[in-house]
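Visitor: This is the structure, below, for whatever I ask next.
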Amino acid sequence: MNDQFVDDKIEIVKNTKKFANFFSNKCILITGANGFIGKYFIDVFMEYNKFLKKPIKLTAIDITFKKNVYYRNKNLSVLKKDVSKKLKINKKIDIIIHAAGIASPFYYRQKPLETLDVTINGTRNLLNIAKQNKAKFIFFSSSEIYGDPDSKNIPTKENYRGNVNSMGPRACYDESKRLGETLCYIYSKYFNVHTNIIRPFNVYGPGMNQNDYRIFPNFAINILKNNIISIYGSGNQTRTYCYISDAIEGFLRVVKYGKIGEVYNIGNNKPEVSVEQIYKIFKKINSKKIFAKYIKHPKSYPADEPQRRCPNVEKSIKHLNYKPKIKLEEGLKKYMDWAKKNYKY
């Protein structure tokens with residue numbers, strides 16, 4: 001990782017230092033720890049340990065773990081495990097952050113049953129651990145649970161029930177997240193587990209896997225290779241995007257301030273931009289000429305794509321004092337500078 005990743009980590013710590021002491025002396029279990037978001041959590045918690053009087057003890061779980069630097073940190077245990085299988089954790093746990101999942105449409109189309117398993121079986125396994133330990137449980141759901149909202153429900157509030165196809169190519173991901181939320185509801189209502197659900201909206205930034213097959217890595221790697229960018233469909237699909245440092249700050253605020261049983265949208269509510277507009281921003285921030293072509297969705301990419309995605313974040317502002325700061329063009333410049341130094345092309 002280059003300096004941009006370090007700068008983002010420092011910014012997150014600066015913006016959350018006022019409540020970082022909440023995590024002091026806590027034993028935290030995080031799943032999906034080797035993923036885009038999980039790595040940021042680990043680095044921020046380890047950064048907290050540089051000034052906390054009593055350090056955070058972190059257990060990081062991911063089925064994709066290989067040997068890495070974290071093995072050498074005395075406050076961090078790294079486990080290569082499949083959370084959808086039976087889990088036994090022989091230590092007291094105070095907080096569980098369940099961020100494991102197969103989130104890329106390219107991959108969950110290839111592995112629909114594994115996508116269901118990690119979210120449904122994995123969530124129940126971890127909720128049982130939370131119940132046994134009386135631990136706070138944070139579930140990473142998805143903005144995809146809203147499906148394709150009508151215009152009356154955009155920006156979309158947390159109480160919108162969704163317009164989701166249970167038998168479509170995206171259903172394994174969308175519906176597993178919805179069932180994961182139901183499990184959180186059951187354990188909160190019937191077993192007094194403090195659960196919070198996070199619905200992230202299109203988080204991006206340094207650390208994204210170049211083979212994730214999502215819009216920003218796709219655009220970035222093609223620009224770096226001097227290839228023509230492919231825009232799927234009409235290019236009129238719209239999203240809002242949240243830079244990683246703003247997103248992680250929001251997630252940490254949910255852990256600290258989230259009210260029991262509540263769901264929180266974490267993301268930007270503006271600007272809502274089309275794929276075509278994203279392409280124009282990339283053209284603006286890159287010095288070399290780039291070109292695009294419009295193509296049909298490839299067979300590897302699931303159809304049924306929502307046309308709009310924009311969160312209402314009023315609850316997160318009210319409960320969490322959450323205020324994203326990084327503008328889209330600024331965030332894309334940071335991301336592209338990082339990609340130039342870290343992607344293989």
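Readers should treat all values here as calculations from the given coordinates under stated rules, not as data from a laboratory. As the structure is a computational prediction, the values presented were derived from the model and not from experiment. As a convention, Cβ positions derive from the backbone with ideal geometry for all residues, glycine included, and neighbour counts pool all protein chains shown.
Visitor: Using per-residue counts of other Cβ atoms within 10 Å, averaged over each peptide, order 285-294, 98-107 from highest down.
Guide: Result, highest mean first: 98-107, 285-294.
Visitor: Here's another thing I want to ask about it. Could you tell me which of C27, I97, F139 has its Cα farthest along the dipole of region 1-155 towards the positive end, charges placed at Cβ (Lys, Arg +1; Asp, Glu -1), taken about the Cα centre?
Guide: My answer, from the dipole projection, is C27.
Visitor: K157: which lysines have alpha carbons under 16 Å from its alpha carbon, excluding same-chain residues fewer than 8 sequence positions away?
Guide: By straight Cα distance, K157 reaches K270, K315, K318.
Visitor: Two decimals is fine: what's Rg over Rh for the chain, C-alpha atoms, Kirkwood radius as Rh?
Guide: 0.94
Visitor: Under 5 Å between amide H atoms, partner at least 5 residues away or on a different chain: which partners does Y264 have, H built in plane at 1.01 Å?
Guide: For Y264, the qualifying residues are I197, I198, R199.
Visitor: For region 209-345, divide the Cα radius of gyration by the Kirkwood radius and give the resulting Rg/Rh value with two decimals.
Guide: 1.00
Visitor: Along the charge dipole of the chain, Cβ charges K/R +1 and D/E -1, which of N192, P271, S234 sits furthest on the positive end?
Guide: N192
Visitor: To test your reading of the geometry: what angle, between 0 and 90 degrees and rounded to tens, separates the Cα axis of helix 112-133 from the longest principal axis of the chain?
Guide: 30
Visitor: Using the 2.2 N^0.38 Å rule of thumb for compact globular proteins, work out how region 259-299 stacks up: its C-alpha Rg over that value, please.
Guide: Compactness ratio reported: 1.87.
Visitor: Would you work out the Kirkwood radius for region 23-146? I mean one over the mean of 1/r across all pairs of different Cα atoms, in Å.
Guide: 14.9
Visitor: Taking 0.36 nm per intervening residue step and subtracting the Cα-Cα distance, what contour gain separates R124 from Y107 on full extension?
Guide: Length difference between fully extended and current span is 3.9 nm.
Visitor: Treating only the Cβ of Lys, Arg, Asp and Glu as charged (+1, +1, -1, -1), what charge dipole size does region 31-101 show about its Cα centre? Round to the nearest 20 debye.
Guide: 400
Visitor: Additional query: Once you charge only the Cβ atoms, +1 for Lys and Arg and -1 for Asp and Glu, what is the size of the charge dipole of the chain about its Cα centre, to the nearest 20 debye?
Guide: Dipole size: approximately 960 debye.
Visitor: Between K296 and D3, what is 0.36 nm times their sequence separation minus the Cα-Cα distance? Round to one decimal in nm.
Guide: Additional length available on full extension: 101.7 nm.
Visitor: With runs of 4+ DSSP H residues as the only contributors, calculate the mean residue ellipticity of the chain at 222 nm using -39,500 (n - 2.57) per run, divided by the residue total and rounded to the nearest 500.
Guide: Value at 222 nm, helices only: -12500 deg cm²/dmol.
Visitor: Using only C-alpha atoms and all pairs of different ones, pull out the Kirkwood radius for region 131-181 in Å with one decimal.
Guide: 12.3
Visitor: May I pose another question? According to the Kirkwood expression over distinct Cα-Cα pairs, how big is the hydrodynamic radius of region 1-76, in Å?
Guide: 12.9
Visitor: Using 0.36 nm per residue of separation minus the Cα-Cα distance, give me the extension gain between K152 and H319 in nm, one decimal.
Guide: 57.7 nm
Visitor: Something else now. So how many Å³ per residue does the convex hull of the Cα atoms of region 123-267 work out to?
Guide: Spread over its residues, the Cα hull of region 123-267 gives 137 Å³ apiece.
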